[in-house]
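Taking it in order: structure first as structure tokens, then the write-up.
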Amino acid sequence: MIYINISEIIRKKRDQEELSTDEIEFFISEYSCGNIPDYQAASLLMAIFLNGMSQREISDLTMAMARSGQIVDLSDIPGIKVDKHSTGGIGDKVTLVLMPILASLGVPIAKMSGRGLGYTQGTIDKLESIPGFRTNISTYEFIRNVKDIGISIMCQQENIAAADKKLYALRDVTATVESIPLIASSVMSKKIAAGADKILLEVTCGSGAFMDTEDRARVLGETMVNIGKQVGKETIAVITNMNQPLGRFCGNSLEVVEAINVLKGKGEEDIVKVCCVLGAYMLKLAGKGDNLSNNLKLIQKNIDNRKGLEKFKEFIERQGRR
């Protein structure tokens with residue numbers, strides 16, 4: 001029997017050695033149940049931030065975090081479930097716009113979203129600026145909403161990718177947010193645990209994003225796509241420009257207002273373009289059409305005819321205060 005010690009794991013990564021699958025699984029398991037204190041976990045995070053991880057280590061870390069809690073079963077929901085994730089940036093309200101449009105086009109949207117990390121706010125923070133809106137719903141209600149109206153968004157539950165939830169918070173206060181291995185494993189562990197069939201990733205780059213250069217954004221995108229391949233989930237990554245805020249407004253409630261304006265057909269050109277391009281790829285992943293040009297037109301059509309706006313209203317009403 002091999003004895004695994006957290007101090008030795010920290011030393012190995014400090015000295016730029018690869019961690020074994022067993023060592024990574026030990027760390028995630030023991031940290032999840034509270035047997036490894038935050039100060040040791042923070043030390044390992046910093047060692048990973050400074051020295052990186054191999055693709056095999058990143059995949060092992062991803063799967064260990066995904067298995068640290070419940071894996072949501074979405075098989076009762078008809079159709080191909082496509083999830084979307086953005087690495088974030090200033091004024092990024094794409095999810096608020098794109099998800100109801102896709103739901104209005106018949107793509108089942110079952111999305112688990114996060115809160116703010118670093119200087120950006122998350123989709124959950126924005127939605128909770130709507131008085132009475134509930135994001136902390138049960139998995140049962142989450143699935144029922146998708147089956148009934150085609151869309152639901154909930155915050156990450158304690159029992160879904162549980163280890164990632166703890167590490168996510170620790171990264172936020174230990175200056176390890178920008179680590180590519182940690183970002184990739186965090187994002188993909190949640191997507192895998194949330195049960196989506198296919199995944200669309202928006203990797204933002206520029207002065208307002210965690211990836212400040214296109215080269216770093218490309219490495220992150222390729223890393224996450226490779227994880228998707230290894231677990232059998234088709235994954236597409238699209239790099240978008242975040243050298244300036246997206247749209248005109250920043251701040252949770254202001255971004256909700258701007259998202260509604262986009263759905264009314266009154267959006268700024270930059271955010272409409274990003275939503276249409278990402279939506280075109282998501283329609284392709286969902287089996288709704290392989291021609292991206294035609295898919296772009298479908299997204300724009302459901303902005304113009306306000307079907308996306310009507311779906312957004314239905315979504316807000318369904319998850320409002322009860």
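Give the number of residues within the stretch 151-173 that are assigned to a loop (DSSP other than H, G, I, E, B) and either surrounded by fewer than 17 Cβ atoms within 10 Å (Cβ to Cβ) or not polar (S, T, N, Q) (or both).
Residues that pass the stated criteria total 5.
Of all residues in the stretch 13-23 being over 11 Å from residue 181 (Cβ atoms) and part of a helix (DSSP H, G or I), which is nearest to the chain's Cα centre (by Cα)?
Residue satisfying both the conditions and the ranking: 21.
When you scan the stretch 201-232, how many residues do you find that are touching a strand residue (DSSP E or B) at 6+ places or on another chain (Cβ under 6 Å) and not acidic (Asp, Glu)?
Residues that pass the stated criteria total 12.
Within the stretch 170-186, which residues are touching a Leu at 6+ places or on another chain (Cβ under 9 Å), free of Cβ contacts under 8 Å to residues at least 60 places away in the same chain and more than 14 Å from residue 210 (Cβ to Cβ)?
Of everything in the stretch 170-186, nothing turns out to be touching a Leu at 6+ places or on another chain (Cβ under 9 Å), free of Cβ contacts under 8 Å to residues at least 60 places away in the same chain and more than 14 Å from residue 210 (Cβ to Cβ).
In the list 28, 80, which residue meets the criterion of being of a type outside the set (Gly, Ala, Ser) and touching a Ser or Thr at 6+ places or on another chain (Cβ under 7 Å)?
Sole residue among the options that is of a type outside the set (Gly, Ala, Ser) and touching a Ser or Thr at 6+ places or on another chain (Cβ under 7 Å): 28.
When you go through 20, 75, 86 one by one, which is the residue that is assigned by TED's automatic domain parsing to the domain that holds residue 278 and on the phi < 0 side of the Ramachandran plot?
None of the others qualify; the one that does is 86.
Can you pull out every residue in the stretch 174-188 that is in a loop (DSSP other than H, G, I, E, B) and either acidic (Asp, Glu) or at pLDDT 90 or above (or both)?
174, 175, 176, 178, 179
Suppose the filter is assigned to a helix (DSSP H, G or I), more than 25 Å from residue 242 (Cα to Cα) and either of a type in the set (Ser, Thr, Tyr) or in contact (Cβ under 8 Å) with a residue 12 or more places away in the chain (or both); does residue 317 pass it?
no
What are the residues in the stretch 220-266 that are over 30 Å from residue 132 (Cβ atoms), in a helix (DSSP H, G or I) and either not assigned by TED's automatic domain parsing to the domain that holds residue 131 or not β-branched (Val, Ile, Thr) (or both), if any?
220, 221, 222, 224, 226, 228, 229, 230
Residue-by-condition table, conditions (1) modelled with pLDDT of 95 or more; (2) exposed (fewer than 15 other Cβ atoms within 10 Å of the Cβ); (3) over 27 Å from residue 230 (Cα atoms):
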{"position": "10", "(1), (2), (3)": "yes, no, no"}
{"position": "34", "(1), (2), (3)": "no, yes, yes"}
{"position": "61", "(1), (2), (3)": "yes, no, no"}
{"position": "87", "(1), (2), (3)": "no, no, no"}
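If you check 40, 16, 55, which single one turns out to be of a type in the set (S, T, N, Q), at pLDDT 95 or above and more than 18 Å from residue 167 (Cα to Cα)?
None of the other options fit; the residue is 16.
Can you tell me which of 299, 271 is at pLDDT below 95, assigned by TED's automatic domain parsing to the domain that holds residue 121 and outside any loop (DSSP other than H, G, I, E, B)?
271
Which numbered condition in (1) part of a helix (DSSP H, G or I); (2) farther than 17 Å from residue 60 by Cβ is the only one that residue 35 fails?
Here residue 35 clears every test but (1).
Only one of (1) at pLDDT below 95; (2) among the aromatic types (Phe, Trp, Tyr); (3) part of a helix (DSSP H, G or I) fails for residue 26. Which number is that?
(1)
Pick from 71, 130, 80: which is modelled with pLDDT of 90 or more and within 23 Å of residue 228 (Cβ to Cβ)?
80
Residue check: is residue 82 touching a residue at least 40 places away in the same chain (Cβ under 8 Å), more than 22 Å from residue 277 (Cβ to Cβ) and surrounded by 16 or more Cβ atoms within 10 Å (Cβ to Cβ)?
Taking the combined requirement at face value, the residue does not satisfy it.
Out of all the residues in the stretch 274-296, which are small (Gly, Ala, Ser) and not in a helix (DSSP H, G or I)?
286, 287, 289
The values are calculated or read from the model by the stated rules, or taken from the named source; none is laboratory data. Here the structure is a predicted model, which is why all the values come from computation and not from measurement. As a convention, Cβ positions derive from the backbone with ideal geometry for all residues, glycine included, and neighbour counts pool all protein chains shown.
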